[in-house]
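The values are calculated or read from the model by the stated rules, or taken from the named source; none is laboratory data. Since the model is a prediction, treat every value here as computed from it, not as a measurement. Cβ: placed from backbone, ideal geometry, glycine included. Neighbour counts: every protein chain shown.
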Amino acid sequence: MDVAPTRTVRDRGVFAAGAARLAALHPAYFALVMSTGIVSIACQLQGLEEMAEVLLWINLVAYPLLWVLFGARAVLFPRRVMADCRSHQRAPGYFTMVAATGVVGSQLVVLREAALAASILWWVCLLLWVLCTYTIFALLTVRDDKPALADGIHGGWLIAVVATQSVVVLGCAAGADVVGDRDTSLLLLLSFWLFGGMLYFWTIALIFYRYMFFRFTPDDLMPPYWINMGAMAISTVAGTQLATSVQGSTMLEPLTPFVTGLTVMFWATATWWIPLLLVLGVWRHVVRRHRVRYDPLYWGLVFPLGMYSTCTLRLSELLGAPFLSWIAAAFVVAATAAWLLAFLGAARRALELLVLWLRPAGVARDEDRVSAEVWRTGGTPG
Amino acid sequence: MNGTNTYSAADAAVERTEVERSERVATPEQRMRRGKRLVLAGFVVAIVGMVGYCVACLAGGADARVGTALLERPEWLIVPTLGTIALGTLLWLVGSFVFLMAAMDSDSDEEINF
């Protein structure tokens, strides 16, 4: 005789699956907030106010929710978290926490003119940046068994650059007097902008070397490769804001031509990447027929599109070049469409948990058995 | 002979009922296909809505920039295009739900790609 599944058995199934997902939660999941935030800002700047507002509310839910999930993961699966911090593949993902904080702060300034919230988030952003930069790079440096360059480096490493520049963007948005004295604040923000640029050139040299001289399969071309462009796009936004903010500063105003020139170089570099990334995307999905399956790393593709739209609009304002705003408009359409696709993919992942709760017991899948094992071992990676 | 004929008629009736029932109740594979079609339709509708919304807003902005008051931000297009996005999202979610529920009952390892 069939026995109807009890609520307890169902709950146990969904609990195990939820625990497995929590244990496997990618450190780069804050890219969801980064992408939603920058697409919201781009929409607001282009006059798509309803969409900007919806995305703000999504971020106001997603940002604290992700902190809760990351906190729960750190408590329940500490060994997994430490393993991630020592992984060349996953550790750079933690920088999304910094960038997401910066983007949410900027979003609050652009959509709500919330200067106080922006100042608080800037300090949080700065502390997270210090923590991530000097923990992760130190841990990766002292690790004994390092992977080969081809296995260790990927576009996600450039999120460290994005995180650095997000400190500048939020600092300027919060009024460029974040540490009290305006000149001191501007010098600090300018320094961040410059060593963010330096970090880009170090990292992109390795990525370009890996592109050109190592075997490259469709699996290697993960969506975060779009950060090659996105890191330069956020550097452009930071540059445009600095060029505006230094006006009136006796110490830094003479640097305006330098800041403007370097900003244009960053924008040109971001633009250079776009055709190459499109060609490589066609090669991956059309020529090599790589299936498109939802992966949280796809948020790393949405972010650069939104950021490129924003940076191009800001640059057109700085240079007085209105023709550039057409490029910004085209990219905001691409960014919102990409955001929607990634959001639907994420929503379907959440729906799977609901279905798991609703389905009859006794149909345990392999995934559930693995999750039970992960739960038992405290999340030690296999 | 009569008994045999009576049995055959009843058997045929049962068989007809079974066929009718199997026609009424779709197999998991059929439900998976139905879910997949809904997901695809939802995707197309949502993307069309999103592009329509962007174009409506940006067209208004472009007209404002060139200084023509002929077409301001077309407010009347905003609500329908946002509704289209919501409809597409709903279709996607319903399709995914139907697909996932059917996949639980099926041996097929077919997946929705995105």
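Residue check: is A:GLN107 polar (S, T, N, Q) and at pLDDT below 95?
No; evaluated as a whole, the condition is false for this residue.
Which of (1) touching a Leu at 6+ places or on another chain (Cβ under 7 Å); (2) in contact (Cβ under 8 Å) with a residue 40 or more places away in the chain is the odd one out, the single condition A:ALA117 does not satisfy?
(2) is the only condition that A:ALA117 fails.
How many of the residues in the stretch A:274-292 are within 13 Å of chain B (Cβ to nearest Cβ) and part of a helix (DSSP H, G or I)?
1
Filter the stretch A:246-277 for residues that are modelled with pLDDT of 95 or more and small (Gly, Ala, Ser); which is nearest to A:PHE201 (Cα to Cα)?
Per the stated criteria, the residue is A:ALA270.
Quick test for you: out of A:VAL282, A:VAL370, A:VAL363, A:VAL355, pick the one residue that is surrounded by fewer than 16 Cβ atoms within 10 Å (Cβ to Cβ), modelled with pLDDT under 90 and of a type in the set (A, V, I, L, M, F, W, C).
Just one listed residue meets the conditions, A:VAL363.
Hey, does the stretch A:293-307 have a residue that's outside any loop (DSSP other than H, G, I, E, B), modelled with pLDDT of 80 or more, over 27 Å from A:ALA24 (Cβ atoms) and of a type in the set (A, V, I, L, M, F, W, C)?
Yes, the stretch A:293-307 contains a residue that is outside any loop (DSSP other than H, G, I, E, B), modelled with pLDDT of 80 or more, over 27 Å from A:ALA24 (Cβ atoms) and of a type in the set (A, V, I, L, M, F, W, C).
Among the residues of the stretch A:319-347, write down those that are facing chain B (nearest Cβ under 9 Å), under 17 Å from A:VAL237 (Cβ atoms) and β-branched (Val, Ile, Thr).
A:VAL332
Are there any pairs with C-beta distances below 7 angstrom linking a residue in the stretch B:52-65 that is farther than 10 Å from B:LEU77 by Cα to a residue that is at pLDDT 65 or above and of a type in the set (A, V, I, L, M), with the two at least 6 apart or on different chains, and if so which?
If the second residue must be at pLDDT 65 or above and of a type in the set (A, V, I, L, M), the pairs left are B:CYS54/A:LEU48; B:CYS54/A:VAL332; B:CYS54/A:VAL333; B:LEU58/A:ALA329.
Every residue, every condition in (1) touching a strand residue (DSSP E or B) at 6+ places or on another chain (Cβ under 6 Å); (2) more than 18 Å from A:ALA342 (Cα to Cα); (3) modelled with pLDDT under 90, yes or no:
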{"residue": "B:PRO80", "(1), (2), (3)": "no, yes, no"}
{"residue": "B:GLY83", "(1), (2), (3)": "no, yes, no"}
{"residue": "B:LEU91", "(1), (2), (3)": "no, no, no"}
{"residue": "B:ALA103", "(1), (2), (3)": "no, yes, yes"}
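Being modelled with pLDDT under 95, part of a helix (DSSP H, G or I) and of a type in the set (A, V, I, L, M), is that true of even one residue in the stretch A:216-230?
Yes, there is a match, as at least one residue in the stretch A:216-230 is modelled with pLDDT under 95, part of a helix (DSSP H, G or I) and of a type in the set (A, V, I, L, M).
If we keep just the residues of the stretch B:79-107 that are of a type in the set (Gly, Ala, Ser), at the interface with chain A (Cβ under 9 Å from one of its Cβ atoms) and under 10 Å from the mean Cα position of the chain (by Cα), which is farthest from A:ALA347 (Cα to Cα)?
B:GLY88
With A:THR256, A:THR269 as the choices, which residue is surrounded by 18 or more Cβ atoms within 10 Å (Cβ to Cβ) and polar (S, T, N, Q)?
It is A:THR269.
Does A:ILE38 satisfy being within 14 Å of chain B (Cβ to nearest Cβ) and either surrounded by fewer than 18 Cβ atoms within 10 Å (Cβ to Cβ) or among the hydrophobic types (A, V, I, L, M, F, W, C) (or both)?
no
Output the residues belonging to the stretch A:26-40 that are in contact with a Ser or Thr (Cβ under 7 Å, 6 or more places away or on another chain) and within 12 Å of A:THR336 (Cβ to Cβ).
Across the stretch A:26-40, the qualifying residues are A:ILE38, A:VAL39.
Can you tell me which residue is farthest from the chain's Cα centre (by Cα) among those in the stretch A:348-357 that are within 7 Å of another protein chain (Cβ to nearest Cβ) and of a type outside the set (Lys, Arg)?
A:VAL355
Kindly establish whether A:THR184 is closer than 24 Å to A:ILE204 by Cβ and either in a helix (DSSP H, G or I) or of a type in the set (Gly, Ala, Ser) (or both).
no
Restrict the check to the stretch B:47-61 and report whether at least one residue is part of a helix (DSSP H, G or I), modelled with pLDDT under 75 and under 18 Å from A:GLY47 (Cα atoms).
yes
Is there any pair with a first residue in the stretch A:327-339 that is closer than 9 Å to A:SER309 by Cα and a second that is outside any helix (DSSP H, G or I) whose Cβ atoms are under 8 Å apart and which are 6 or more apart or on different chains, and what are they?
From residues that are closer than 9 Å to A:SER309 by Cα, the pairs are A:VAL332/A:LEU48.
Just to be sure I understand, how many residues within the stretch A:83-110 are surrounded by fewer than 19 Cβ atoms within 10 Å (Cβ to Cβ) and farther than 15 Å from A:THR133 by Cα?
2
Looking at A:VAL259, is it part of a helix (DSSP H, G or I) and touching a residue at least 24 places away in the same chain (Cβ under 8 Å)?
Criteria met by A:VAL259.
Looking at B:VAL19, B:VAL66, B:VAL39, B:VAL14 in this structure, which one is modelled with pLDDT of 90 or more and not small (Gly, Ala, Ser)?
After applying the criteria, what remains is B:VAL39.
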